[in-house]
1. Just to be sure I understand the filter: pairs with C-beta atoms under 6 Å, separated by 6 or more residues or on different chains, first member in the range 29-56 and closer than 21 Å to Cys96 by Cβ, second member among the aromatic types (Phe, Trp, Tyr). Which pairs pass?
2. Say whether the condition of being more than 24 Å from Glu344 (Cβ to Cβ) and more than 31 Å from the chain's Cα centre (by Cα) is met by at least one residue in the range 298-320.
3. In the range 186-208, which residues are at pLDDT 90 or above and among the aliphatic types (A, V, I, L, M)?
4. Under the condition of being surrounded by fewer than 22 Cβ atoms within 10 Å (Cβ to Cβ) and within 16 Å of Lys74 (Cβ to Cβ), which residue from the range 35-53 is nearest to the chain's Cα centre (by Cα)?
5. Would it be correct to say that Gly273 is in the same structural domain as Gly309 (by the TED database), touching a residue at least 24 places away in the same chain (Cβ under 8 Å), touching a Cys at 6+ places or on another chain (Cβ under 8 Å) and not charged (D, E, K, R)?
6. Quick one: which of Leu287, Leu310, Leu320 is aliphatic (A, V, I, L, M) and over 30 Å from Leu212 (Cα atoms)?
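The values are calculated or read from the model by the stated rules, or taken from the named source; none is laboratory data. Values in this document were obtained by computation on a predicted structure and should not be read as measured data. For neighbour counting, all protein chains shown are included, and Cβ atoms are generated from backbone atoms with ideal geometry for every residue, glycine included.
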Amino acid sequence: MKGRGHCPNVVSYTTLINGYCLIGGIGDARKVFDEMLDSGIAANSLTYSVLVGGFLRMRDIEGAKGMMCQLWEKMRVEREASMKMAAFANLVDSLCRGGFFNELFRIAEEFALGGSLCEEVAYGQMIDSLCKVGSKDGDCMRAYQLLEEAEFGFLLSEHTYKVLVEALCQVLDVDKARKVLEHMLSREGVDKTRIYNIYLRALCIVNNPTELLNVLVLMLQSQCHADVITLNTVINGFCKVGRIDEALTVLQDMLSGKFSAPNVVTFTTIISGLLDTARVDEAVELLHKVMPENGVRPSVATYNAFLRGLFKLKRPNDALRAFNNMASNGITADSTTYTVVIEEAKAR
């Protein structure tokens, strides 16, 4: 690079340092770091954070602690907020990936950042990393513990809330997930429908139709509007566990005006659910009668679900007839449509 007359900057050096750290070459990374400083190029917060990660990868705790002290000092004077956030995120990811949870909790307890990041951002990143980067299911429990030890004293972002409740549902701890839901609902100014919808989507992971219905009832009792996304999520949850009759009950309530009107996603989900339980005639009626009567036009995704279900039930003639009718109904087949048809042709 230098031989061609180009001068590397802090981004160039940090990228190279990161590359060495990823392959365990912390010694070479340190040499590049020293060369950068000797060239008069100041390291930024992310540079120090990358080096901390390199030391942690090599289980060099003392080296990591020394570099971390320099990182805190740099973050205190760093003016660019996005750089501080990137550096902190990389640090927390490195700690979680290496299993250094005691150090992570020490940071949370002492908050050594000295105000360089706001509490919501710092705690949110730690919870996010524990759920997504942590290598074991129990890491999301540590994330919940972090929230609990902070006495639920800060507002989770929607993203962090989503990550945490999904992780808790993955390990089947619906009780803790519900407590996080209650924490979010207790805050002023939040869109409660969106908060409920995120929780409902997480519940679909655990296939818990009873809790889905309980949450829907809770929304209605608290006079929180259940929009079409809410109802589609509930219907999807019912269909996933074969509770198609409950899904059809929700659909009827939507059609009768009790809830928001159904959309193409609603019908596509139920058609797929009906075919999964071999209720072909009802699926056909929804597609060809109920949808047109309610002014809902099938999408290519609707037909894809319909075709896949028919082929799965060993009804290729009906499926091919539906495929041929797509064009006459103004629906253009996509790559998924052709994949479904070709896979069936190969299987025969």
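1. Partner pairs satisfying both residue conditions: Ala29/Tyr20.
2. no
3. Ile195, Ile198, Leu200, Ala202, Leu203
4. Asn44
5. Considered against the rule, which asks whether it is in the same structural domain as Gly309 (by the TED database), touching a residue at least 24 places away in the same chain (Cβ under 8 Å), touching a Cys at 6+ places or on another chain (Cβ under 8 Å) and not charged (D, E, K, R), Gly273 comes out as yes.
6. Leu320
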